[in-house]
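Colleague: Sending over a structure as structure tokens; questions will come in a sec.
The values are calculated or read from the model by the stated rules, or taken from the named source; none is laboratory data. As the structure is a computational prediction, the values presented were derived from the model and not from experiment. Positions of Cβ are backbone-derived with ideal geometry, glycine not excepted, and every protein chain shown enters the neighbour counts.
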Amino acid sequence: MKKRKKRIDLIIELIRNQCIGSQEELAAALAKKGHPVTQATLSRDLKMLRTTKVPTDRGTYMYVLPDSDSLKDKIINTGKAPTHANYQSGFISIRFSGNIAVIKTRNGYASGLAYDIDMSMNPDILGTIPGSDTIFAVLREGMTRQEAISLFSNILSVDPQDLTL
């Protein structure tokens, strides 16, 4: 059991700190660190961790962990990305129009973030509509922008200052 815990911790560390795009790549990284693993075991571990494969801006895929925001983006380092972007969650920016929040995400992340917003079951959010890289969230009437910023910073695990426009 101790061995499994160490392996799981190492998988989490590798996914958070590297761009891992396949089980083969992850298995090789684990073996290099002294934890050889079969594909079946690795597949079970990834399922248990609820990892997801998401597209990158370079046309490849990478594993991400749910509710994690610690990945230093190894893929996009163009200098053009906003400093407040949260690459692990996919969040880029938020703007408001009346009682609608328009949330911009990296391509392919909107659906997952909209699901997280909906699953928060917050009565101040009436619902979401995700696209590929944009989410429309309808807020209750009368909600202030400051209240919305506080709400979304908690749900999206983003510093409230990064939501202020």
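Colleague: Counting only residues that are small (Gly, Ala, Ser) and touching a strand residue (DSSP E or B) at 6+ places or on another chain (Cβ under 7 Å), which one in the stretch 113-137 is nearest to Tyr61 (Cα to Cα)?
Modeller: Among those that are small (Gly, Ala, Ser) and touching a strand residue (DSSP E or B) at 6+ places or on another chain (Cβ under 7 Å), it is Ala114.
Colleague: Specify the residue that is surrounded by the fewest Cβ atoms within 10 Å (Cβ to Cβ); the eligible residues are those in the stretch 93-128 that are free of Cβ contacts under 8 Å to residues at least 24 places away in the same chain and over 21 Å from Glu147 (Cβ atoms).
Modeller: So the residue we want is Tyr115.
Colleague: Any residue in the stretch 32-50 that is outside the structural domain of Gly112 (by TED's automatic domain parsing) sitting within a Cβ distance under 7 Å of a residue that is of a type in the set (Gly, Ala, Ser)? List the pairs, counting only those 6 or more apart or interchain.
Modeller: That search, which allows pairs on different chains as well, returns Val37/Ala27; Gln39/Ala27; Leu42/Ala27.
Colleague: Sticking with this structure for a sec: Please specify each residue of the stretch 55-84 satisfying the condition of being surrounded by fewer than 17 Cβ atoms within 10 Å (Cβ to Cβ) and either small (Gly, Ala, Ser) or modelled with pLDDT of 50 or more (or both).
Modeller: Residues satisfying the conditions are Pro55, Asp57, Arg58, Gly59, Thr60, Tyr61, Pro66, Asp67, Ser68, Ser70, Gly79, Ala81.
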